[in-house]
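Inspection log for the structure reproduced underneath, given as structure tokens.
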Amino acid sequence: MADNTYKFINPYTFLPIKDEAPNRTNLRKGSLSGRIHCKLSIESPTFIPNTSKTFEEKFDKDTLKGQDFFSYQDLSQESKFPLKAPGQPRIPGSEIRGMIRNVYEQLTNSCLSVIDDKNLTHMRISLSKEPGLWNRKENTLIGCERRKISKAEIKSKYYKSGERICYGNSYKVGHVIVGEYFSKNKKKSESLFYPKEIYQKFKHNEQEINLYEATYQEIESITKDSTAACFLIQPNDIVRFEKVLEEYGKKNAHRDYAKAYFNVDKNPILPVFYTQVDGVLYMSPACITREVFNHTISEILRDNHSGHQPCDGAGDQWCPACCLFGKIGQDGEGYALASRLRFCDSEPIREAEFEAPLVLPILGEPHYSATEFYLQPPKDGNTRFWNYDYHIKGRTADTNISHADRESYTPRLTGRKVYWLGQDTHAKDKYNKNNYKMRNKVRCLTKGNCEFDIFFEDVTEEELKLLLWCIRLEPDSDCFHRIGRGKPFGMGKVKIIVEGLDEITYSLDENHKLKRNTRDIKSDYEGISYSDEQKAIMKHLSSYMKVINDTIDYPRLEENGPIYEWFANNKGKNLGKVYIREILAPYPETGVVSRDN
């Protein structure tokens, strides 16, 4: 049973992805063009950044970054955070567009357009890896032995991580890895990799060959009962390994090792830690480390979720949301599709009220490593742990995990990420001066009203009906949109009212000049009739759009405790005994549920 006592509702949940594939079709334009005139009111503290300048303030070892609220004012030449609030704050059309598109995708079972299909998922795995030697020129990996070497010797002889050295009275050859201590005494020893001294001999073309010297052509002759593992390293294995080095580089870790890796002429043999699961090789400079996975989020959506990956325009086929909102080609790849909607920046916000600049609580990036939230548990109940490539068999955390317990499976995402609408807690840490380097100073808009326009062109009547629901969220007046930053803390709650709906056509007047004709059609779209299926989806979506009065907070073992401790405890603190205890309750339920019930 889980021993978590602090009760919380996680800030985000996931809408299940439908089993039916998105209805991708060729673009079919309609005959309606016009303008939707909207009024937006601020219902909770809201922050949208003016990106023309990011201010920095020094506090001891930390640097606090800050941004003012969005306006057309260019702050790039300012040296300090402005004392006065912007005179004409606005809501940028791009923010409104993203907010409305998100709901439209959910309503129409469209692709998940914001997924980065180039991003490789990764997470720290509390399981040890095996030592190996990588022949860089032949791209083979041979399992090897590992022993300790004193830090004093490394320091006195100026050894670098990854370096080939001679050791012992017989001048044997080994390779150093600095930063991976061999024994429990971290202060005295590091790791030295060297070929297995006990190896199997076998014959190939009447020639006797030592196993750890096997080359590309000889690998097929290695028998299954060999004492040393031998692998061919594939291009994707190298891509994932370089991603591991990149992640370490962000923390200035294993820098000498990275230099050794990128100098292949000087270091044709490189020591690595590795593990292999069903033909996929995971390599790293560290024994207990992050693993970069073979499956991307986009591939999982494509292969395991009926093709819900972002549209690429292949065959000129587009999902309903891309057909209406358009699609930008990524890095010169794939097709682009022009939008039939234009979201204008709002007019200056009227009756705007700002609070004094403050420092928000920590706002992190999406943590795909929280697989107990982002991934569905494997259907096989005999599972201790799962990630984006494989799961670990077992139903108890009492036994150590062997490499044989890992096996590949079909990973499935929990769904589309959305945020619960909780009470405003954005100022709870404003007097807390810790972790400034992970937080941001902002100026929040607390009250105000503004108007903005959405222009539509060549849309169908059905598209306009669905778009209007995504804007108004009617008939449920208790539903709100969310915009800007700080959603986990109740920020960005806004209400939108459609005040005008005009059809716009063009004709030639008697002088053959182009004439714009405007017709009020708002009354035609009041009390719109939707299908039973559409109404069921709308009701389903409304659960996360309503205010929740219970405590919404990131997972913690105790109130105000560190978030990472909950996740560490939930996966198991003992090395080699990982076991996921709790997972998110299925939408529309809130909180977490135990797997042991």
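The values are calculated or read from the model by the stated rules, or taken from the named source; none is laboratory data. Everything quoted here is computed from the prediction, not taken from an experiment. Methodologically, a virtual Cβ is constructed for each residue, glycine included, from the backbone with ideal geometry; neighbour enumeration extends over all protein chains shown.
Whenever a residue of the stretch 497-512 is outside any strand (DSSP E or B), its partners that are surrounded by 11 or more Cβ atoms within 10 Å (Cβ to Cβ), lying with C-beta atoms within less than 7 angstrom and at least six residues away or across chains, give the pairs Asp509/Lys515. In the stretch 58-92, the residue that is nearest to Gly448 (Cα to Cα) out of those that are at pLDDT 95 or above and outside any loop (DSSP other than H, G, I, E, B) is Phe69.
Within the stretch 23-39, can one find any residue that is outside any strand (DSSP E or B), surrounded by fewer than 17 Cβ atoms within 10 Å (Cβ to Cβ), touching a residue at least 12 places away in the same chain (Cβ under 8 Å) and aliphatic (A, V, I, L, M)? Looking through the stretch 23-39, at least one residue is outside any strand (DSSP E or B), surrounded by fewer than 17 Cβ atoms within 10 Å (Cβ to Cβ), touching a residue at least 12 places away in the same chain (Cβ under 8 Å) and aliphatic (A, V, I, L, M). If you go through the stretch 419-473 and keep only what is touching a Phe, Trp or Tyr at 6+ places or on another chain (Cβ under 7 Å), under 29 Å from Pro586 (Cα atoms) and of a type in the set (S, T, N, Q), you end up with just Thr425.
For the stretch 575-592, filtering for residues that are part of a strand (DSSP E or B) and closer than 14 Å to Phe14 by Cβ leaves 3. Regarding Pro285, is this residue crowded, with 21+ Cβ neighbours inside 10 Å, modelled with pLDDT under 95 and in contact with a Cys (Cβ under 9 Å, 6 or more places away or on another chain)? When the stated conditions are applied, Pro285 does not pass them.
If you take the residues in the stretch 293-308 that are among the hydroxyl-bearing types (Ser, Thr, Tyr) and not in a loop (DSSP other than H, G, I, E, B), which one is farthest from Ala370 (Cα to Cα)? Among those residues, the one meeting the criterion is Ser298. Checking the conditions here, which among Ser543, Ser531 is over 30 Å from Tyr390 (Cα atoms), surrounded by 14 or more Cβ atoms within 10 Å (Cβ to Cβ) and among the small types (Gly, Ala, Ser)? Answer to the check: Ser543. Limited to the stretch 207-266, what total is found for residues that are assigned to a helix (DSSP H, G or I) and at pLDDT below 50? Residues meeting the conditions: 9. Flag set for Ile115, criterion: assigned to a loop (DSSP other than H, G, I, E, B), within 26 Å of the chain's Cα centre (by Cα), farther than 25 Å from Val442 by Cβ and among the β-branched types (Val, Ile, Thr).
Among the residues of the stretch 397-412, none qualifies, meaning not one is touching a residue at least 60 places away in the same chain (Cβ under 8 Å), within 15 Å of Arg581 (Cα to Cα) and touching a helix residue (DSSP H, G or I) at 6+ places or on another chain (Cβ under 8 Å).
If the condition is being within 25 Å of the chain's Cα centre (by Cα) and hydrophobic (A, V, I, L, M, F, W, C), then the stretch 259-294 contributes Val277, Val280, Leu281, Met283, Ala286, Cys287, Ile288, Val292, Phe293. Scan the stretch 248-268 residue by residue and report those that are surrounded by fewer than 18 Cβ atoms within 10 Å (Cβ to Cβ) and either touching a residue at least 12 places away in the same chain (Cβ under 8 Å) or farther than 24 Å from Pro195 by Cα (or both). Gly249, Lys250, Lys251, Asn252, Ala253, Arg255, Asp256, Lys259, Val264, Pro268 - these are the residues of the stretch 248-268 that are surrounded by fewer than 18 Cβ atoms within 10 Å (Cβ to Cβ) and either touching a residue at least 12 places away in the same chain (Cβ under 8 Å) or farther than 24 Å from Pro195 by Cα (or both). Can you confirm whether Glu565 is within 30 Å of Ile392 (Cβ to Cβ) and assigned to a loop (DSSP other than H, G, I, E, B)? So Glu565 fails the test.
Within the stretch 77-114, the only residue that satisfies the criterion of being surrounded by 19 or more Cβ atoms within 10 Å (Cβ to Cβ), out of contact with any helix residue (DSSP H, G or I) (no Cβ under 8 Å at 6 or more places or on another chain) and among the basic types (Lys, Arg) is Arg90. Somewhere in the stretch 503-521, is a residue at pLDDT 95 or above and of a type in the set (Ser, Thr, Tyr)? There is at least one residue in the stretch 503-521 that is at pLDDT 95 or above and of a type in the set (Ser, Thr, Tyr).
Scan the stretch 150-168 and give yes if some residue there is closer than 30 Å to Lys18 by Cβ and exposed (fewer than 15 other Cβ atoms within 10 Å of the Cβ), otherwise no. Within the stretch 150-168, not a single residue is closer than 30 Å to Lys18 by Cβ and exposed (fewer than 15 other Cβ atoms within 10 Å of the Cβ).
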